[in-house]
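> Just passing along the structure, written as structure tokens.
The values are calculated or read from the model by the stated rules, or taken from the named source; none is laboratory data. Just so it is clear, the structure is predicted and the values come from calculations on it, not from any experiment. Cβ sites come from the backbone with ideal geometry, for glycine too, and all protein chains shown count toward neighbours.
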Amino acid sequence: MRLSVNVDHFATIREARRSDEPEPVLAALLAELAGAEGIVCHIRGDRRHIKDRDLFLFRQSIKTKLNIEMAATEEMKRIALDVKPDVVSLVPERDEELTTEGGLDVAGNQEHLKDHIRELQKAGIKVSIFVDPDINQITACRDVGANLIEINTAKYSDLKPGEERDEALAEVKRSAVHGRQLGLEVHAGHGLDYKNVGPIVEIPELTEFSIGFSIIARSAIVGVEKAVREMVELLK
Ligand code: PXP
């Protein structure tokens, strides 16, 4: 069971002041030291957090695996071919959204995606697709030639423990089994946190989890005491 850490929101904090800290690359290296087996970031069309320079710095410094989330556009394909991450994760993108809102519509975009994926793979990049827990969409991921899928756990994550959440969990499980039967590597992510990750890790078909927000939120809290002490010392 591997953890990939999404470091986007270190860049969100940096961009809140258009500053040069916190440096997302440093956060990524510390995440690796702490046991992360991959680093994920999302380069958005509006560059609201991760910037192009971050991608090149990640590529030069990350020792585990660099996974860049991006839309399946020409602009993003050029960036991927320049940076050469280990994995590109294709995600849908809407300018107004706060975070990725759902899985990619693979079944409805097969021709475009097939060509797009083939070009990335020719450059030695593995292609993942972020997909809802939907059997038809997962079959389409295989049909367009993806190497792996990341099942969107947002519906599960947004629900409180109970029957409805159990059904959302069962949907993720059925989708993971289906993906494995098609020969795909199956990952999961979105909205996973310290309270809800337990039942998801019980699904043996899932080999990797992509987690960002909850880890960054917690690191801000667990770091407060040390950061304040350091400033108090300086003021003395
Ligand atoms: N997977 C994908 C495709 C995402 O877009 C995101 C959020 O950027 C994540 C996983 C991580 O989600 P979270 O930040 O809620 O842990």
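> Can you tell me which residue in the range 204-223 is surrounded by the most Cβ atoms within 10 Å (Cβ to Cβ), limited to those that are more than 15 Å from Ile13 (Cα to Cα) and either within 14 Å of the ligand (Cβ to nearest atom) or more than 19 Å from the chain's Cα centre (by Cα) (or both)?
Leu206
> Suppose the filter is surrounded by fewer than 17 Cβ atoms within 10 Å (Cβ to Cβ) and at pLDDT 95 or above; does Arg180 pass it?
yes
> Something else now. State whether the residues of the range 107-116 include one that is surrounded by fewer than 16 Cβ atoms within 10 Å (Cβ to Cβ), assigned to a loop (DSSP other than H, G, I, E, B) and either out of contact with any Asp or Glu (no Cβ under 9 Å at 6 or more places or on another chain) or in contact (Cβ under 8 Å) with a residue 12 or more places away in the chain (or both).
No, the range 107-116 has no match at all.
> Could you list all residues from the range 65-85 that are more than 18 Å from Ile211 (Cα to Cα) and out of contact with any Phe, Trp or Tyr (no Cβ under 9 Å at 6 or more places or on another chain)?
Scanning the range 65-85 gives Ala71, Ala72, Thr73, Glu74, Glu75, Met76, Lys77, Arg78, Ile79, Ala80, Leu81, Lys84.
> Is it the case that the range 55-63 has a residue that's among the charged types (D, E, K, R), within 16 Å of Phe130 (Cα to Cα) and at pLDDT 95 or above?
For the range 55-63, residues among the charged types (D, E, K, R), within 16 Å of Phe130 (Cα to Cα) and at pLDDT 95 or above: absent.
> Same structure, new question: Test of understanding: among Asn147, Asn136, which residue is within 16 Å of the ligand (Cβ to nearest atom) and not basic (Lys, Arg)?
Of the residues listed, the single one that is within 16 Å of the ligand (Cβ to nearest atom) and not basic (Lys, Arg) is Asn147.
Each row is one residue, and each column tells you yes or no for (1) touching a Ser or Thr at 6+ places or on another chain (Cβ under 6 Å); (2) surrounded by 15 or more Cβ atoms within 10 Å (Cβ to Cβ); (3) under 20 Å from Ile117 (Cα atoms).
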residue: Ala16; (1), (2), (3): no, no, no
residue: His42; (1), (2), (3): no, yes, yes
residue: Lys51; (1), (2), (3): no, yes, no
residue: Ile79; (1), (2), (3): no, yes, yes
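> Applying the selection to the range 149-163, what residues are surrounded by fewer than 19 Cβ atoms within 10 Å (Cβ to Cβ) and under 20 Å from Met1 (Cβ atoms)?
Within the range 149-163, none qualify.
> Working carefully through the options Asp95, Asp134, Asp166, find the one that is farther than 16 Å from Ile68 by Cα and surrounded by fewer than 13 Cβ atoms within 10 Å (Cβ to Cβ).
Every option except Asp95 fails the conditions.
> So which residues in the range 15-45 are closer than 24 Å to Lys84 by Cβ and basic (Lys, Arg), if there are any at all?
Within the range 15-45, just Arg44 meets the criteria.
> Can you list the helices (runs of 4 or more DSSP H) lying wholly within the range 137-236 that have 1 or more residues being among the β-branched types (Val, Ile, Thr) and in contact (Cβ under 8 Å) with a residue 40 or more places away in the chain?
Result: 197-201, 213-222.
> Quick test of your reading of the structure: Pro22 fulfils all but one of (1) within 28 Å of Tyr156 (Cα to Cα); (2) surrounded by fewer than 20 Cβ atoms within 10 Å (Cβ to Cβ). Name the failing condition by number.
Against the list (1) within 28 Å of Tyr156 (Cα to Cα); (2) surrounded by fewer than 20 Cβ atoms within 10 Å (Cβ to Cβ), Pro22 comes up short only on (1).
> Here's something else I'd like to know. Specify which of the listed residues (Val87, Val83) is at pLDDT 95 or above, buried (at least 16 other Cβ atoms within 10 Å of the Cβ), in contact with an Asp or Glu (Cβ under 9 Å, 6 or more places away or on another chain) and not small (Gly, Ala, Ser).
On inspection, the qualifying residue turns out to be Val83.
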